[in-house]
Amino acid sequence: MPKLKIAPSILSSDFSRLGEEIQAVIDAGADWIHIDVMDGHFVPNITIGPPVVASLRRCSTVPLDVHLMITDPAEYVAAFADAGADIITFQVEAAHHPHRILRQIRDLGCKAGVVLNPGTPEDSIEFLADDLDMVLIMSVNPGFGGQAFIPDMLRKIRNVRAMIGDRDLEVDGGIDGTTAAQVIEAGANVLVAGSYIYNHDSYLEAIESLRQAEAG
Ligand code: DX5
Ligand code: ZN
């Protein structure tokens with residue numbers, strides 16, 4: 001099992017103080033910063049574009065994990081790579097040619113991954129596995145922070161872990177101290193958490209409690 005990594009999602013942070021909010025979770029032990037890009041088409045919300053990622057790149061000392069929830073990922077991966085993304089994932093449901101996009105992301109020098117919505121079966125990645133660095137399993141429907149974890153996703157995590165060997169398996173949505181233990185047990189090693197960390201009085205305690213979930 002690859003190393004456990006905690007990736008706070010800035011979606012639940014105070015956007016008027018983004019630089020400070022990122023520094024605070026890095027100081028509290030964040031391994032990656034998870035950035036949710038939403039276009040108002042693929043999901044019913046609009047968030048962050050390449051200029052913001054470029055600014056965040058200058059104030060982050062850890063990898064930027066950019067999650068594209070947009071209808072036309074192929075058109076935008078270069079802009080996010082130029083902005084300084086280290087990891088780019090895109091929703092497999094939005095891609096006509098996911099295999100080509102994975103290669104495009106790697107050619108741009110980034111780590112590449114696909115994202116599966118809760119209703120998307122894992123067999124959609126069967127023939128992509130050799131060309132990806134990570135799979136991201138959505139454990140809520142994408143668009144908003146603070147939703148409840150969908151328990152049936154534990155079965156998908158187990159199945160995907162069996163398909164991708166020791167590559168990174170990220171889970172996003174409804175992660176807290178309890179669900180963290182469940183997803184780690186099922187085979188996940190990268191935990192995205194937005195509201196759990198940013199709504200906590202102590203980012204350090206929140207991140208530590210996610211790490212402790214591995215021991216339990
Ligand atoms: C949802 C986003 C998530 C979101 C998770 O569409 O992809 O990254 O920030 O938020 P929580 O951890 O609050 O469920
Ligand atoms: Zn996300």
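Filtering the stretch 176-210 to residues that are outside any helix (DSSP H, G or I) and either at positive phi or of a type in the set (G, A, S) (or both) leaves G187, A188, A193, G194, S202. Of all the criteria given as (1) away from ligand 1 (no atom under 14 Å from the Cβ); (2) in contact with a His (Cβ under 7 Å, 6 or more places away or on another chain); (3) not aromatic (F, W, Y), the one not satisfied by V135 is (2). Among the residues of the stretch 203-216, those identified as more than 18 Å from the chain's Cα centre (by Cα) and not hydrophobic (A, V, I, L, M, F, W, C) are Y203, E205, E208, S209, Q212, E214, G216. Scanning the stretch 157-175 for residues that are outside any loop (DSSP other than H, G, I, E, B) and within 16 Å of ligand 2 (Cβ to nearest atom), we see that the one that is surrounded by the fewest Cβ atoms within 10 Å (Cβ to Cβ) is D168. Of all residues in the stretch 88-113, those that are among the basic types (K, R) have Cβ atoms under 7 Å from Cβ atoms of residues that are open to solvent by less than 90 Å² (accessible area, probe 1.4 Å), 6 or more apart or on another chain, in R103/D131; R106/A112; K111/D86; K111/I87; K111/D133; K111/M134. For the stretch 69-87, does any single residue satisfy the condition of being within 23 Å of V160 (Cα to Cα) and in contact with a His (Cβ under 6 Å, 6 or more places away or on another chain)? Checked against the condition, which is being within 23 Å of V160 (Cα to Cα) and in contact with a His (Cβ under 6 Å, 6 or more places away or on another chain), the stretch 69-87 yields no hits at all. Filtering the stretch 63-104 to residues that are out of contact with any Leu (no Cβ under 9 Å at 6 or more places or on another chain) and among the β-branched types (V, I, T) leaves V66, I70, T71, I101.
The single condition among (1) away from ligand 2 (no atom under 14 Å from the Cβ); (2) within 19 Å of L136 (Cβ to Cβ) that S55 does not meet is (2). Residues in the stretch 189-202 that are open to solvent by less than 10 Å² (accessible area, probe 1.4 Å) and over 12 Å from the mean Cα position of the chain (by Cα): I197 only.
Pairs linking a residue in the stretch 9-21 that is under 18 Å from H67 (Cα atoms) to a residue that is open to solvent by 30 Å² or more (accessible area, probe 1.4 Å) and in a helix (DSSP H, G or I), with Cβ atoms under 7 Å and 6 or more positions apart or on different chains, are S12/S195.
Among the residues here, E75 does not qualify as among the acidic types (D, E) and either within 14 Å of ligand 1 (Cβ to nearest atom) or closer than 27 Å to D14 by Cα (or both). Only one entry in G143, G109 is open to solvent by 10 Å² or more (accessible area, probe 1.4 Å) and part of a loop (DSSP other than H, G, I, E, B), namely G109.
Results for (1) of a type in the set (K, R); (2) over 14 Å from V37 (Cβ atoms); (3) touching a helix residue (DSSP H, G or I) at 6+ places or on another chain (Cβ under 7 Å), shown as yes or no for each residue.
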position: E75; (1), (2), (3): no, no, no
position: F80; (1), (2), (3): no, no, yes
position: I88; (1), (2), (3): no, no, yes
position: A94; (1), (2), (3): no, no, yes
position: H99; (1), (2), (3): no, yes, yes
position: A112; (1), (2), (3): no, yes, yes
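Of everything listed in (1) more than 16 Å from ligand 1 (Cβ to nearest atom); (2) in contact with a strand residue (DSSP E or B) (Cβ under 7 Å, 6 or more places away or on another chain), the single unmet condition for D82 is (2).
Scanning the stretch 117-130 for residues that are assigned to a helix (DSSP H, G or I) and open to solvent by 20 Å² or more (accessible area, probe 1.4 Å) yields E122, D123, S124, D130.
The single condition among (1) touching a Lys or Arg at 6+ places or on another chain (Cβ under 8 Å); (2) more than 22 Å from G216 (Cα to Cα) that I164 does not meet is (1).
The values are calculated or read from the model by the stated rules, or taken from the named source; none is laboratory data. Computed from a predicted model, the values in this text were never measured in an experiment. Neighbour counts run over all protein chains shown; Cβ positions are idealised from the backbone, glycine included. Only protein heavy atoms, including side chains, enter the accessible area calculation; ligands, DNA and RNA are left aside. Shrake-Rupley method; radii C 1.70, N 1.55, O 1.52, S 1.80 Å.
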